[in-house]
Amino acid sequence: MNVPVLRNSAARRLFLAKHRLATRPSGAGKGADLKGVIGDLGFVQLDSVNTFARAHDLTLWSRRQQYRPKALGALLHRDRQLFEHWTHDAAIIPIESFAHWRLRFSRDEARLSSRWKEWRRDDFHGKIDEVLRRISDGGACTSGQVGSGESRGSGGWWDWHPSKTALEYLWRSGQLSVVKREGFTKVYDLTERVIPSEHLNRRPHPQETIDWCCAGALDRLGFATSGELAAFWDHVTPAEAKAWCRAALADRQIIAIDVESSDGKLRRSFARPDVMDGAEQEPVPRVRVLSPFDPALRDRKRAERLFGFHYRIEIFVPAPKRKYGYYVFPVIEGDRIIGRIDMKRHGDRLVVRAFWPEGGVKMGAGRTKALTAELERAAAFGGCGALEIADDWIR
């Protein structure tokens, strides 16, 4: 069987176009425009690290440089056009997807009920009714407002008090929803008081959700193995994704292709029949600073295959053993990842300590000027009144 080959340059172009990184980062960055970006990505991961800007804000700003965090809050908490829940991590998701989280709720309810009972120091099951009653009668609350008198431990996930565990379990199983955040602290309420009724009351069949997950993942990745489809939302099992691929191949909804990695190796994947048409868009030669949790980089192995870019977060690495820095940001230009940058907000200044170009990347005057211009834009976005760059910053 002759299998089409998607060359590495075309694969990068397609992948970046799917991730909204091939066009200029113009647009309103709020309202329907912002929701459209999130919908195209499928979801945006939330993260609390704030050395410069929170991951979700930087992800959206890199695609819409008029974006400001208040616009996300309006969509999420005021307009209920988004909701917050779990994929591979906490994420913001278009409200239209809520019905397909029913499968996730039911699976998490069964899975976490036994796993968390074993992992937590105290059984949380006995606190579930109490927490539900507290919220039903007293209104929305945070984890700090339940479990009065219970030992609080360190506050890490491994040491939650029983009522905190019950609260998180009720959220993961869909009985509670995040109604808002105070700072970065989740405020929970009954799901029926948070999710609009047209989404709350829809109950798709599990197979409909499996089909939705696999098709949606493929359309957002451009090409993928069955394992990558299963991992995208983290809803479906590898076996379910394989079965979907078999059926979709038989129905000619998808085709098999070989995708060329940056090292020339071919990887058998699946794609839509018109995949080659989508690989023609040449990305604009824009320099952008990306979040370490950007959707285009979330799958570290995929990023390394496509771009030859090896990235690991060194937050938990002792300072003397770090190769780069505590929290460095990848930098992309066109369809190429050109390096990583160590920068941090200090008061009203954005301080840039170092930039490490990738192998083969020459930092001539033009590229350095383009990177500096992006850093100036980033400083303005982060509310920094000044940009301070170390003299020997290009390593």
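For the range 44-66, filtering for residues that are open to solvent by 10 Å² or more (accessible area, probe 1.4 Å) and touching a His at 6+ places or on another chain (Cβ under 9 Å) leaves 3. In the range 354-368, the residues that are under 21 Å from GLU388 (Cβ atoms) form Cβ pairs under 8 Å with partners that are acidic (Asp, Glu) and surrounded by 16 or more Cβ atoms within 10 Å (Cβ to Cβ), at six or more places apart or across chains, as follows: ALA354/ASP342; PHE355/ASP342; ARG367/GLU333.
Residue by residue through the range 166-207, note down the ones that are within 15 Å of ARG102 (Cα to Cα), touching a residue at least 24 places away in the same chain (Cβ under 8 Å) and charged (D, E, K, R). Passing the criteria: ARG172, ARG202, ARG203.
Yes or no, residue by residue, for (1) open to solvent by 10 Å² or more (accessible area, probe 1.4 Å); (2) part of a strand (DSSP E or B):
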{"residue": "ALA231", "(1), (2)": "yes, no"}
{"residue": "ALA247", "(1), (2)": "yes, no"}
{"residue": "ARG267", "(1), (2)": "yes, yes"}
{"residue": "PRO285", "(1), (2)": "yes, no"}
{"residue": "ARG298", "(1), (2)": "yes, no"}
{"residue": "GLU304", "(1), (2)": "yes, no"}
{"residue": "TYR324", "(1), (2)": "yes, no"}
{"residue": "VAL331", "(1), (2)": "no, yes"}
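Here GLY222 meets each of (1) at positive phi; (2) of a type outside the set (Val, Ile, Thr); (3) modelled with pLDDT under 95 with one exception, condition (3). Scanning the range 27-43 for residues that are among the hydrophobic types (A, V, I, L, M, F, W, C) and within 18 Å of PHE83 (Cβ to Cβ), which turns out most open to solvent (accessible area, probe 1.4 Å)? Residue satisfying both the conditions and the ranking: ALA32. Can we say ALA17 is touching a residue at least 12 places away in the same chain (Cβ under 8 Å), aliphatic (A, V, I, L, M), part of a helix (DSSP H, G or I) and open to solvent by 10 Å² or more (accessible area, probe 1.4 Å)? Answer is yes for this residue. Any idea which of GLY174, GLY147 is open to solvent by less than 30 Å² (accessible area, probe 1.4 Å), modelled with pLDDT of 90 or more and part of a loop (DSSP other than H, G, I, E, B)? After applying the criteria, what remains is GLY174. Here the condition is being over 23 Å from SER26 (Cα atoms), surrounded by 21 or more Cβ atoms within 10 Å (Cβ to Cβ), out of contact with any helix residue (DSSP H, G or I) (no Cβ under 6 Å at 6 or more places or on another chain) and of a type in the set (Val, Ile, Thr); of ILE315, ILE341, it holds for ILE341 alone. Counting only residues that are in a helix (DSSP H, G or I), out of contact with any helix residue (DSSP H, G or I) (no Cβ under 9 Å at 6 or more places or on another chain) and closer than 20 Å to ALA296 by Cα, the range 43-80 holds 1 of them.
Residues checked against (1) hydrophobic (A, V, I, L, M, F, W, C); (2) under 19 Å from PHE43 (Cα atoms):
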{"site": "LEU170", "(1), (2)": "yes, no"}
{"site": "VAL179", "(1), (2)": "yes, yes"}
{"site": "ASP189", "(1), (2)": "no, no"}
{"site": "HIS199", "(1), (2)": "no, yes"}
{"site": "ARG202", "(1), (2)": "no, no"}
{"site": "ALA215", "(1), (2)": "yes, yes"}
{"site": "PHE223", "(1), (2)": "yes, yes"}
{"site": "SER226", "(1), (2)": "no, no"}
{"site": "PHE232", "(1), (2)": "yes, yes"}
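Quick check on my filter: what residues within the range 91-109 are touching a strand residue (DSSP E or B) at 6+ places or on another chain (Cβ under 9 Å) and modelled with pLDDT of 95 or more? If the condition is that a residue be touching a strand residue (DSSP E or B) at 6+ places or on another chain (Cβ under 9 Å) and modelled with pLDDT of 95 or more, then ALA91, ILE92, ILE93, PRO94, ILE95, SER97, PHE98, TRP101, ARG104, PHE105 are the ones that fit. If you filter the range 233-245 down to residues that are aliphatic (A, V, I, L, M), assigned to a helix (DSSP H, G or I) and farther than 21 Å from LEU6 by Cβ, you find that the one that is most open to solvent (accessible area, probe 1.4 Å) is ALA239.
The values are calculated or read from the model by the stated rules, or taken from the named source; none is laboratory data. Everything quoted here is computed from the prediction, not taken from an experiment. When we count neighbours, we look across all protein chains shown, and the Cβ atoms used for this are built from the backbone with ideal geometry, even at glycine. Calculation scope for accessible area: heavy atoms of the full protein, side chains included, ligands and nucleic acids excluded. Shrake-Rupley method; radii C 1.70, N 1.55, O 1.52, S 1.80 Å.
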